[in-house]
1. Only one residue in Leu479, Leu418, Leu429 is within 24 Å of Pro385 (Cβ to Cβ) and either modelled with pLDDT of 55 or more or in a helix (DSSP H, G or I) (or both). Which one?
2. Could you tell me whether region 262-270 includes any residue that is at pLDDT below 85 and not in a helix (DSSP H, G or I)?
3. Considering every residue within region 186-195, establish whether at least one is more than 21 Å from Thr259 (Cβ to Cβ), touching a residue at least 12 places away in the same chain (Cβ under 8 Å) and not in a helix (DSSP H, G or I).
4. Only one of Val611, Val581 is within 17 Å of His235 (Cα to Cα), touching a Leu at 6+ places or on another chain (Cβ under 8 Å) and not in a loop (DSSP other than H, G, I, E, B). Can you tell me which?
5. Answer yes if at least one residue in region 73-91 is open to solvent by less than 20 Å² (accessible area, probe 1.4 Å), under 20 Å from Gln442 (Cα atoms) and at pLDDT below 60, and no otherwise.
6. From the list Ile534, Ile471, pick out the single residue that is assigned to a helix (DSSP H, G or I) and at pLDDT 75 or above.
7. Which pairs do you get when a residue that is in contact (Cβ under 8 Å) with a residue 12 or more places away in the chain and open to solvent by 90 Å² or more (accessible area, probe 1.4 Å), found in region 7-28, comes within reach of a residue that is not in a helix (DSSP H, G or I) and not β-branched (Val, Ile, Thr), reach meaning Cβ atoms under 8 angstrom, with the pair 6+ apart or on two chains?
8. So which residues in region 584-607 are in contact with a Leu (Cβ under 6 Å, 6 or more places away or on another chain) and open to solvent by 10 Å² or more (accessible area, probe 1.4 Å), if there are any at all?
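The values are calculated or read from the model by the stated rules, or taken from the named source; none is laboratory data. Just so we're clear, the structure is a prediction, and the values are computed from it rather than from any experiment. Glycine gets a Cβ as well: all are built from the backbone with ideal geometry, and neighbour counts include every protein chain shown. Note: areas computed on protein heavy atoms with side chains; ligands, DNA, RNA excluded. Shrake-Rupley method; radii C 1.70, N 1.55, O 1.52, S 1.80 Å.
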Amino acid sequence: MNLARLGGLLILLLLFLISLPSIRNLQHDNSITRFSNSVSDTQVLPFCLFWLRPGQDAQLNASTRDAFRQFCQTQLRLNIIGRHELEMLLPALSAAQLPLWLPVEKDSNTDAVFLFQSEPDLDWSNLQTQLHSWSKAQQGNPSVTLLGEPWVNGQLEQSARNIRFRQSPIMAAVIFVLLAVLFPHPRYAFWHIAAIGGAQALFLGTAAHLGFVFDLLTSMVPALVLVLITAMQMHLSLAAAQGGWTATRQKIKPNLWVTTTSILGFISLVWSDARPVQAMGLFTALGLGLGFVWIHVLAWCSAPWIPRIRPKFRAPSLPVLRYPKTLLCLGVAILGLGTIFLIHQPLETNGIRYFPVHHPVRQSTEQFERRVGGTNRLTLSLDQPVAAKSLQQLCVDLRNSPVIEQASCPADWSPETLPLVAQMMIRPLLIRQFGDRQNTIQLWVHALDSDGYFDLERQILQHVAQHLPGIRAELHGPLRAISLTQAHLLGNLAESLITTILTICALVWLIFRHQSRAWVTLIVNLFPLAMMAIGMAMIAIPLSIASIMVFSIAFGVAIDDTIHLLSSFQNQTGPKAWQLVWAKDGTAVTATSCILGLGFFCLAWTEFLPVRHFAILLGIGIVCAWIGDAVLLPALLQNNPKERIEHDRIHQPSSL
């Protein structure tokens, strides 16, 4: 048997060594292309602006502007163009209509704006560092702000990398420290590192082979898999510490049930129309499945070398509360209150507000809108070309909208209206970006939420239908892709959550063959969801992509410990059945809740608000799930007449 275990360890070691190099091949894509399959909706205009402002001095002198030009050309190796240079190339009318995010006014003594074309491999973090160093070296410390779509995408990329390379390692460190405190033995420390770290490496290596791509949402997947695998390992470790391999083996079936319910909860996300949400559900389910196999095979292989010890933590002894009807009414009231709060919770679908107020993206975007006007680009496409004058008149009409700052069509940069130098330098660039057919209009609009975008789309399409009868129009752009994605997620929140809850409850009924127990499970695990909704209202967390998904995920996570407790409860008899269950599994449930809660709170320090809100809400849900398991569950099990009758019938001695 020991030879078989050694063979199993060698196989696991081989899988680990194969998976480890593949992790480097994991791809990152935090662009808007992850939210839409349409090229028109995901095209990013490769232009950015430097906004130069005076620091301590009241005015921006010409020497500072010249020094900045020289710095950009020599150090940054960027060709920048000022407003007055473009005015030398273009007539005033065309320059005002060019969709290049130009400033409204000329360079002045108060500030200056320079346009440059960004490259795909531009290192935005290094660029920021160089700009900051240049500003500190100048007299008066002038400030330089970056504006533009590529700059925003670069910040999104940085936020995703911070989650992967900062918050996630901190989470892992916190988890291993807590495990070392609970199990102060070197063999347990090695076991935990091999089990949790090996399972994570196997998952990430497999994901890399399958073409997994990290984005802003899926950057949380490794953290989710990490804490859920840790929860399973916690039950195995406590069982081994108390009863060796015999007790550990009894935890395989509950862990299998827990893994199955969690996988079903994440699989429900696959039916979303948003690719990041689909990937998040699919690969989290994959990670849980691989993690389950890895840690249980490793537990069997290492069983002879794991000693029995006394853990440094024990769950507090809690009395079983009576008056289950009162608790049931209180739970139902909390569910109703949480539902009311959730229904009336404000929606946040403006992507700019996904960053804190002090974040550079939000500050620069707000300044951009005030200085230039219009921070989102939309393309209005007509199904057939129209006369140039009709298209130009449509542009004039669209500029009357309070949320549209600029509207430009190919006629604005036609050869007849541009001088020769501009035809050679500017027109090829514009044609390459926007085309030269007389059936498109480029719009620059304010930062809008989903409702604002759909109102604007309806008004534009109605206007086109009235003034250009027989022509069908469509809007495209990143703003449209994000608005459609968020509208879909908001519209399917109730459907996804109800499907997840019913599926998991049906599985609980199939596992325990007990109708009353399924209802108890439903009530106990809806309680943390209601508390999450109440918490959203109390700390002003709006509904967004991340906070919408967290309810389905939280239900799958919360039900895990409930299944462990119910599995032990069905093997106990007598009036002290619950006390025996809590003495056996209460420590694992409590320790797991602490580790999961602290682990998710480590993600709360990210600057990307949807991920921060996701972590905070999931942490609240885990804490409230423990309260439900420790307080509500025993009261409903021990004091429910139907539950007692059914429980006694199952354990009644046979007359034979």
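1. Working: Leu479 fails: within 24 Å of Pro385 (Cβ to Cβ); Leu418 fails: either modelled with pLDDT of 55 or more or in a helix (DSSP H, G or I) (or both).
Criteria check complete, one pass: Leu429.
2. Within region 262-270, not a single residue is at pLDDT below 85 and not in a helix (DSSP H, G or I).
3. No - not one qualifying residue is present in region 186-195.
4. Val581
5. Going through region 73-91, the residues open to solvent by less than 20 Å² (accessible area, probe 1.4 Å) turn out to be 78, 80, 82, 86, 90.
Still in the list and also under 20 Å from Gln442 (Cα atoms): 86, 90.
Now narrow it down to the ones that are at pLDDT below 60: 86, 90.
Yes, region 73-91 has at least one match.
6. Numbers: Ile471 fails: assigned to a helix (DSSP H, G or I).
Matching residue, one of Ile534, Ile471: Ile534.
7. Within 8 Å, the pairs are Gln27/Gly211; Gln27/Phe212; Gln27/Phe214.
8. Matches in region 584-607: none.
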